[in-house]
Protein chains: 2
Amino acid sequence: MRASTYPLVDAAEAAALVLARTPVLDSEPVHVREALGRVLAEDLVAPSELPRFPSSAVDGYAIRSADGGGRLRVAGESAAGRPFEGRLEAGLAARILTGGVLPEGADTVVMVEDTEQEEGYVTVPAGHPAGRNFHRPGADLKQGELVLERGEELGPAEIGLAAALGFPTLTVHRRPRVALMSTGDELVEVGEQLGPGQIVDSNRWALLAALREAGAEVRVLGLAPDRPEPLRELVVEALGGADALVTSGGVSVGSHDLVKPLLEALGEVHIGRVKLRPGKPFTFATLPEGRLAFGLPGFPVSSLVTFEVFVRPALRRMQGHARLQRPRLPVRLAYEARAAGDRTEYQRVTLRREGQELVAQTTGSQSSSRLMSLVGADALVRVSPGAEGIPAGSVVEAIILRLPGE
Amino acid sequence: MRASTYPLVDAAEAAALVLARTPVLDSEPVHVREALGRVLAEDLVAPSELPRFPSSAVDGYAIRSADGGGRLRVAGESAAGRPFEGRLEAGLAARILTGGVLPEGADTVVMVEDTEQEEGYVTVPAGHPAGRNFHRPGADLKQGELVLERGEELGPAEIGLAAALGFPTLTVHRRPRVALMSTGDELVEVGEQLGPGQIVDSNRWALLAALREAGAEVRVLGLAPDRPEPLRELVVEALGGADALVTSGGVSVGSHDLVKPLLEALGEVHIGRVKLRPGKPFTFATLPEGRLAFGLPGFPVSSLVTFEVFVRPALRRMQGHARLQRPRLPVRLAYEARAAGDRTEYQRVTLRREGQELVAQTTGSQSSSRLMSLVGADALVRVSPGAEGIPAGSVVEAIILRLPGE
């Protein structure tokens, strides 16, 4: 048994190194029906203007403004999808419904509330100006306008806009395919009886959720075998259809740790230890054909924090996201954030509003085994290495995981 | 043709009325594998302490602290999942790996870096105190401790914690089943050729995305037929397996609008118009057996804003969420927010950081047809009815849709 010989890499350098080695995946078409959360692989330009025709914003009467104040004969109707036929001549009105085409010849719409109706005739107010109560062609969007940029994530409004412009499918980046496994002889499947020294494998289910939240398609492997050759066979087979391998456990320095030697044999290990707390044993390797391997530590909090710091941004780059990192907001510390010697620490905090400020409170003991320190955490506070730490009452930039709703 | 006779309901009253009529759905078991985003239907209490045994935090040697400074015989090994057999007597050490059980008799662990190893023996430093480098039973969690409260949404950490405690399945609220359709004679399916006066139905795809984001299971119906009897048959059949019906379009006052009369016939219409901009024609009805119907306006922005104000909180209540509303944060207005006469207006804004503040800029023309006003919107600014509006430079509470990442 010996201490690890991998150099301790600075946390920020390690994060940059991972991103520099992470490819953007190729693109594929997706129907607007299934486009939620996908990332555009090309700019979207309006192929036509919107609206494409002058359409009524209200229910009422289309008239010529010069006929204001008159009693007009109702010559027909323009309903949504059923336009008035022909041209509206002087002295005539057309009933018009919301979304209906403004008839040729008409230049304004009077709301039904402002009219007096009788059989076949309508009286409209005097002085009603031209151009009222209808949407002009191109008022919302000009032809050729850039409406969505590549790298944007598609939410409801973006999907609606693309559909409105007549795009049934959009070109988006492929989702990363990730093979996920846990390693460790002490692990048993959740729901099974625990023997002496055994613990439940919880990391696979936590990481599965984190991977899915980050947009990955995950193939969940079983618990990894504890002998080199079966482990190698499993990993090689799994990598056949995957863009990345994510493991947890087995990256410390113990004599039974098999992940690092396997990654050394299959590809190149770029990072074997990081000046990070929690998460010092984080391992990153590149494998043939642009595949990546992330060896996350086995302690539950360490695996989720290293996921957050290293894996999530990489998955976002793979999907072509313009923005790889979580949002940050200034928060006032309600506790003294002690520094962790020579390591950058990501402390877990809850957020609450106090006046105009967000106040960050620690989630308690920051032990790497204590999942309760991440349960309910709203943000991460990054504390640089050194002796000082950050005094209570300071305002720092917190990495926002979620904002508490109301 | 006549103006609507439904009373104009205050926007906040309408939102409260919807929630008061919205049931919480029953619960169902879900495996931790599929628990992401689900909401706990019961409190979760730790059935055992965590860790369940004293486990090493490092790779090193388990010793009796009284033996510090000595050259100790290595009596065996305690690896993760393979405990040392028997009791560690004075003068002995056990090799111990991260996660390994601290052997009975040992009271501390020395890191491998701090030892000198030779064949069968190890020399440990003098003065090494008891209680170092291992996790005590119950240090992370006591038996019987409340770890997750009902109403909490399950994310990666919560799922990991539940699995670590040995829960393969969790009791969560059922997801709402929603039937979704668009109405309007002017609508055609995206990708089809447009005739005169026709527009693409974009609302179904935008609302499908919004419903899925809010946790609903959606059955997408086609474009609604434009005759009362086929429409009625479609809706009655769809409601058979649904908790809620969401329609867009057909709720204005035009003579071809069929949704309100149908909802009147099937159940009770509680809201037929709202003092809201955009979204005045919003309609809400209750149907037999606790089902809900939301008639959203046909204009794209109106449909998404009324979804946000009325439907999303209702879907969250159905799923048992403790928090129904979006988070809010103070933002400084970079524009003058004019009020919309007698209606509450939800203005769409982008957010950017300036110093310690969030600054809100309008997304431009707030026309209810202009989806570009919602594309890229980060927040909604609620402007109360009245003449005043809100001057540029004011700080207001914005409803946060998303925070821009980095």
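The values are calculated or read from the model by the stated rules, or taken from the named source; none is laboratory data. Just so we're clear, the structure is a prediction, and the values are computed from it rather than from any experiment. Note: ideal-geometry Cβ built from the backbone for every residue, glycine included; neighbour counts use all protein chains shown.
Please find, within the stretch B:126-149, the residue that is surrounded by the most Cβ atoms within 10 Å (Cβ to Cβ) out of those that are touching a Pro at 6+ places or on another chain (Cβ under 8 Å) and part of a strand (DSSP E or B).
In this case the residue turns out to be B:Phe134.
For every residue, the table says whether it meets (1) modelled with pLDDT of 95 or more; (2) over 24 Å from A:Val200 (Cβ atoms); (3) assigned to a strand (DSSP E or B).
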position: B:Phe53; (1), (2), (3): yes, no, no
position: B:Val58; (1), (2), (3): no, no, no
position: B:Ala62; (1), (2), (3): yes, no, yes
position: B:Val74; (1), (2), (3): yes, yes, yes
position: B:Glu89; (1), (2), (3): yes, yes, no
position: B:Arg95; (1), (2), (3): yes, yes, yes
position: B:Thr98; (1), (2), (3): no, no, no
position: B:Val109; (1), (2), (3): yes, no, yes
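Here's the yes/no breakdown for (1) hydrophobic (A, V, I, L, M, F, W, C); (2) on the phi > 0 side of the Ramachandran plot; (3) in contact with a strand residue (DSSP E or B) (Cβ under 9 Å, 6 or more places away or on another chain); (4) away from chain B (no Cβ under 13 Å):
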position	(1), (2), (3), (4)
A:Pro83	no, no, yes, no
A:Ala94	yes, no, yes, no
A:Thr98	no, no, yes, no
A:Ala106	yes, no, yes, yes
A:Val109	yes, no, yes, no
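Looking for something outside any strand (DSSP E or B), free of Cβ contacts under 8 Å to residues at least 40 places away in the same chain and crowded, with 24+ Cβ neighbours inside 10 Å - is there at least one such residue anywhere in the stretch B:314-324?
No, because not a single residue in the stretch B:314-324 is outside any strand (DSSP E or B), free of Cβ contacts under 8 Å to residues at least 40 places away in the same chain and crowded, with 24+ Cβ neighbours inside 10 Å.
Quick check: anything in the stretch A:133-152 free of Cβ contacts under 8 Å to residues at least 60 places away in the same chain and either at negative phi or more than 7 Å from chain B (Cβ to nearest Cβ) (or both)?
No, the stretch A:133-152 contains no residue that is free of Cβ contacts under 8 Å to residues at least 60 places away in the same chain and either at negative phi or more than 7 Å from chain B (Cβ to nearest Cβ) (or both).
Look through B:Pro281, B:Pro327 and report the one residue that is within 9 Å of another protein chain (Cβ to nearest Cβ), modelled with pLDDT under 95 and either surrounded by 20 or more Cβ atoms within 10 Å (Cβ to Cβ) or touching a strand residue (DSSP E or B) at 6+ places or on another chain (Cβ under 9 Å) (or both).
Going through B:Pro281, B:Pro327 in turn, the sole match is B:Pro281.
What is the number of the single condition among (1) closer than 27 Å to B:Pro281 by Cβ; (2) touching a residue at least 12 places away in the same chain (Cβ under 8 Å); (3) surrounded by fewer than 16 Cβ atoms within 10 Å (Cβ to Cβ); (4) under 30 Å from the mean Cα position of the chain (by Cα) that B:Asp342 does not meet?
(4)
Evaluate the following for B:Gly195: is it out of contact with any Leu (no Cβ under 9 Å at 6 or more places or on another chain) and more than 7 Å from chain A (Cβ to nearest Cβ)?
yes
Got a number for residues in the stretch A:224-237 being out of contact with any Asp or Glu (no Cβ under 6 Å at 6 or more places or on another chain) and either under 15 Å from B:Pro168 (Cβ atoms) or not aliphatic (A, V, I, L, M) (or both)?
Here the count works out to 8.
In this structure, does B:Val45 turn out to be closer than 30 Å to B:Phe284 by Cα, modelled with pLDDT of 95 or more and more than 12 Å from chain A (Cβ to nearest Cβ)?
So B:Val45 does not fit the description; no.
Pick from the stretch B:178-231 the residues that are charged (D, E, K, R) and within 30 Å of the chain's Cα centre (by Cα): which of them is surrounded by the most Cβ atoms within 10 Å (Cβ to Cβ)?
B:Arg204
Which pairs turn up if I take residues in the stretch B:353-366 that are more than 11 Å from chain A (Cβ to nearest Cβ) and look for partners that are among the hydroxyl-bearing types (Ser, Thr, Tyr) with beta carbon separation below 7 Å, at least 6 apart in sequence or on another chain?
Note: pairs meeting the criteria are B:Gln361/B:Tyr335; B:Gln361/B:Thr350; B:Thr362/B:Tyr335; B:Gln366/B:Ser373.
For every residue, the table says whether it meets (1) more than 10 Å from every other protein chain (Cβ to nearest Cβ); (2) surrounded by 19 or more Cβ atoms within 10 Å (Cβ to Cβ); (3) within 24 Å of the chain's Cα centre (by Cα); (4) not aromatic (Phe, Trp, Tyr).
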| position | (1), (2), (3), (4) |
| --- | --- |
| A:Arg348 | no, yes, yes, yes |
| A:Pro385 | yes, no, no, yes |
| A:Pro391 | yes, no, no, yes |
| A:Val395 | no, no, no, yes |
| A:Ala398 | yes, yes, yes, yes |
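Six or more apart or on different chains, Cβ under 7 Å: which pairs go from a residue in the stretch A:1-26 that's in the same structural domain as A:Pro297 (by TED's automatic domain parsing) and closer than 15 Å to A:Thr286 by Cβ to one that's hydroxyl-bearing (Ser, Thr, Tyr) and surrounded by 19 or more Cβ atoms within 10 Å (Cβ to Cβ)? Could you list them?
Final answer for the pair search is A:Arg21/A:Thr286.
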